[in-house]
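Quick note: the coordinates plus some simple rules give every number you see, no bench work behind them. Here the structure is a predicted model, which means the values were calculated and not measured. A quick note on method: Cβ atoms are made from the backbone with ideal geometry, for glycine too, and the neighbour counts reach across all protein chains shown.
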Amino acid sequence: MLKTFKKGGIHVPEYKLTAEKPIVDIPAPREVVVTFSQHIGAMAVCDVKPGDHVVKGQIIAKANGVVSANIHTPISGKVKTIGKWKTAFGYPCDTVTIVASDEDVQYDAEHGFEPRTEEEIKALTPEDIKEIVADAGVVGLGGATFPTKVKLCPPPGMHADILIINGAECEPFLTNDHALMLACPDEIIEGVKYIMRATGVNRAVIGVEDNKRDAICNLEKHLEGESGISVMPLKTKYPQGGEKQLIKAVTGKEVPNGALPISVGAIVQNVGTAYAIYRAVKLREPLISRILTVSGKHVQSPGNFRVFLGTPLKTVIEAAGGIPEDTGKIILGGPMMGKAIVSIDAPTIKGVSGVVLIPEDEARRTQENPCIRCGACVEACPMGLEPYMLMPLTENGEWEMLNEHGVRNCIECGCCAYSCPSNRPLLDFIRLGKFKVNEMMRKKS
Amino acid sequence: MSLIYVSLAILGGIGVLSSLILYIVAKRFNVEENPKIAEIEELLPGANCGGCGKNGCHDFATACAEAKSLEGLRCPSCNDEIMARIASIAGLAPAAPAKPMVAVLHCNGTCENRPVKSEYDGPVSCHILNSLYIGARGCAYGCLGCGDCMLACNFGAMSLNPLTGIVEIDETKCVGCGACAKMCPRHLIELRARGPRGLRVYVACANKDKGALAMKECGVSCIGCGKCVKECVHEAITIKDNLAYIDYEKCKLCRKCESVCPREAIHAVNFPVKKEAQAAIND
């Protein structure tokens, strides 16, 4: 019997069109636009001036406070401008534009990062590893982009006893983690070991949904002879990759409302993050590239790509054969949790796990009907909330009541809106309600 | 037959008993309320708009009845006469007449000035749209046209013009309570002094982008060029974040800024039509 979480969840069509595709490198562009706000938390503070010459991997914006992350330049070149640039959603954001000359391209081709030797790595203390991760600007690459350093440092008095590596990848279309587990199992395992050393945890479980049998077998093969790390096949069910759902599936423990995973002794990291930590510790390479999936039913050659951060989304989509003519919507991230974008000139950022192109006839929302009180949303909600109730409460601005009904526990997975037979935009309202209640609570404290 | 009489007697008995209990409770636990409160509340509009800063009309009436001076207590939708009557009920001197205010929308991004670039088919709510993306018209600062302010207005002063796609404010109905200003997720609505005979000059734009970008986004955006600042002899105009703002306290309604604005972003309303312009219309 495969393990999974108990409450709610739905089965969505998988559309893993790119599951067999290898990871293709997209060459670094000559001009990159790097935004300062690529993570959850405070925006990084710019550390360069226009006209400065920067070298690949150099810090161009420094973390501002604890919950923040460093930003590095993915290419060598000259800082052309510092200013506002529109993000994929249209809002202006502070950015740096870096342009590479011929010499810079030549330099990048010849000079790589100098890997740490085995002795050097052995000499690293847990604090050193945490420091390296923070310096490298590593954030959670599953999509939430929470600074990894914060997760590696449990609050005083708390102790972690299990490390869970999230390889569930429950979103339809996305296969970037799948491709990574097939292509770089050794690197992921090495990264997991570094996290274990940094946190002092001696048991790690890599949770993978059982629709990725080849990835499970591959990891198991490379884990032979390793102690403390194991692979756990999980039932294919959305949102299996949700942090709290994954903990429930792997350990059987439920994270209390409003508490962090550490309260049940668990630390959760994405496989992509483990891989990024490997690159940071072993190869001395900061987070300047990531793997993402470009997919869609009518995309000519969908695939998994390794992209330098700052590459325009346009370039990434072109690598998959360009935008099909009948495209109605382009989504950043998976179709369940991702958001539709308005500009493909925007740069790739740390949190982009995929680009999904939805055909015109499927892009539209369907006619909204009144709630028929069927309870499908309640059954689907993996957090045990009552979405049918939260939506009208938000419409009427009953923030206190919303808080009592636990709107802050919503993980915004979209199961409610997906399962609603009346096509009600439940998630849109609940997300707004959650935002408003959080704002209210911040004001109170 | 007797069953009916028995039921009637029981039900009637319960009724009489309950009313007796209610009567005793009402007498025993009666809270003496200042009779002035009810009297003042009669005069108020009862819209509970929150424009006075209190939680609704009853709260305002209580505050008036218990206040030592009416200074700072003002219902935005009541005229001076009603305020004087409230003062006489409270037995206090009426507060100095306040400047009548009116809501002003700092956006003129109509369909013509700001063509639709993308299609939004989600829930009709400015707040949701604002959190999802920039909006169908491609301006990060302008009116989204979903009408959250219309829902907030208790006086029916806001309406969405389907031809322009932006909200219009009916100044005859607007009382200046500011409920709409609080609601707007982009803070586009400002309460400004109505001005003498309703004359007002204001910047109908909230775009804080640099000139070149602002120009691309909308045909009538303020680009922060500063021409109006130079023209204004009353030092009423300031530029902050590439956006001009006219201080209505300092503005002398000379309209010089309106004519120099290269973007037609400065609006002067309720001014009589100039003679030459009238002649041109007549021709």
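Computed values, structure above
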| item | result |
| --- | --- |
| Convex hull (Cα only) mean projected area of the range A:376-444, reported in nm² to one decimal | 4.0 |
| FRET efficiency, 1/(1 + (r/R0)^6) with R0 25 Å, evaluated for B:V31 and B:R85 via beta carbons | 0.45 |
| Neighbour-count ranking [beta-carbon atoms within 10 angstrom, fewest first] of A:E325, B:E217, B:E71 | A:E325, B:E71, B:E217 |
| The range A:1-104 - Rg (one decimal) and Dmax (whole number), Cα, Å | 19.1, 61 |
| Under 25 Å from the Cα of A:K193 - lysines, other chains or at least 8 residues apart | A:K3, A:K122, A:K130, A:K149, A:K151, A:K212, A:K221, A:K244, A:K248, A:K253, A:K282, A:K350 |
| Column: log10 I(q)/I(0), Debye, Cα scatterers of the range A:244-317, q = 0.12, 0.17, 0.20 Å⁻¹ | -0.57, -0.84, -0.89 |
| Average partner coverage of B:110-123, which counts Cβ from other chains inside 10 Å | 3 |
| Viscosity 0.692 mPa s, 37 °C: Kirkwood-radius Stokes-Einstein D of the range A:257-359 over Cα pairs, µm²/s | 217 |
| Sorted by Cβ neighbour density within 10 Å, fewest at the top, the residues A:I323, B:I14 | B:I14, A:I323 |
| Shape call, the range A:184-294: gyration tensor on alpha carbons, a/c limit 1.5 | rounded |
| Chain A - convex hull of alpha carbons, volume per residue in Å³ | 148 |
| For the range B:54-195, the Rg and Dmax computed from alpha carbons only, in angstrom | 18.5, 59 |
| Relative contact order %, the range A:149-268, counting alpha carbon pairs below 8 Å whose residues are six or more apart | 35 |
| Qualifying lysines (Cα of each under 22 Å from Cα of B:K117; at least 8 residues distant if same chain) | A:K84, A:K86, A:K314, A:K329, A:K339, B:K208, B:K210, B:K216 |
| Angstrom value of the Kirkwood radius, inverse mean 1/r, which spans all Cα pairs in chain B | 22.6 |
| 14 Å tail of the calculated P(r), the range B:141-199, as % of Cα pairs | 53 |
| Label point distance in nm, B:E171-A:S445, each placed 7 Å from Cα along Cα→Cβ | 4.6 |
| Euclidean distance between Cα centres, the range A:17-68 to the range A:116-194, Å | 18 |
| Two-site FRET efficiency, A:T81 against B:K117, from Cβ-Cβ distance with R₀ of 30 Å, rounded to 0.05 | 0.80 |
| Where labels lie 7 Å past Cα in the beta-carbon direction, separation of B:A96 and A:T125 in nm | 6.7 |
| Helical segments meeting 24 Å axial Cα length and Kyte-Doolittle 1.0 threshold in chain B (DSSP H) | B:2-28 |
| All lysines inside 18 Å of A:K444 as judged from Cα atoms, apart from same-chain residues fewer than 8 positions distant | A:K434, A:K436 |
| Projected label distance in nm at B:A9 and A:Q367, using a 7 Å step from Cα toward the beta-carbon | 6.1 |
| Ellipticity estimate at 222 nm from DSSP helix runs (n ≥ 4, -39,500 (n - 2.57)) divided over chain B, nearest 500 | -10000 deg cm²/dmol |
| Residue order, fewest to most beta carbons within 10 Å, for A:H72, A:H39, A:H11, A:H405 | A:H11, A:H405, A:H72, A:H39 |
